[in-house]
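A.B. asks: Okay, handing you the structure first.
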Amino acid sequence: MSLIYATALVLNPGYCTRYIKTHWPKKWSKPILAKVKKLWEKYREEVVVLPTTLAFLYNNPSHKLPELNCFDQIALSLCVVAWPASKDKYKDYNSLESCDPGKKGALVWWCQDTQRQQWPRLSLMAINILLIPLMSNKPERVFSGACCTGSWDRGQKEPETIKIRECLKH
């Protein structure tokens, strides 16, 4: 039960907390939802500056967001509904009906200006969580190649030296 995985599920507007409550055993769902809420409490106190666009995401080649055509923009705009207004945006978000983020995914949904203005701290949390890569292929490849560097005939090398060599090589 990963906190990041559970948080990503909760931050998908198609699932929210209902997915975990429905499909996970109670002995897993209660503690993990408590942890997600605790993570939210850290973001609730964040000071958020709302830029009009997320230019850093579009300009960063490692975090390419798909371009939205007119149909996708209309489909995503239909997900904007009147949100309840209480003091806890996380509670409001989870009390909403499910909203399909479409084929572009939850990250694109949270990057829309409408969501970012309605849920500034929650969208910051969502963007931070959903930008975490699903797997770390590159680092795993780098350090799995260290077995050749640290072979039996080079057994006197220090682990720190091998680590530095592998990082410099890649």
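A.B. asks: What's the extension gain from D88 to F71 if we count 0.36 nm per residue and subtract their Cα-Cα distance?
C.D. replies: Length gained, D88 through F71: 2.9 nm.
A.B. asks: Which of the pairs K21/K42; K27/K103; K35/K87; K42/K163 have their Cα atoms more than 30 Å apart in this structure?
C.D. replies: Numbers: K21/K42 23 Å; K27/K103 32 Å; K35/K87 20 Å; K42/K163 34 Å.
From K21/K42; K27/K103; K35/K87; K42/K163, over 30 Å: K27/K103; K42/K163.
A.B. asks: Between K30 and L131, 0.36 nm times their residue separation minus their Cα-Cα distance comes to what? Each step should come with its number before you reach the end.
C.D. replies: Values: separation 101, 0.36 × 101 = 36.36 nm, distance 2.52 nm.
Taking 0.36 nm per residue and subtracting the Cα distance, the gain is 33.8 nm.
No lab work stands behind these numbers, since they all come straight from the coordinates. Every value quoted in this text rests on a predicted model; they were computed, and no experiment measured them.
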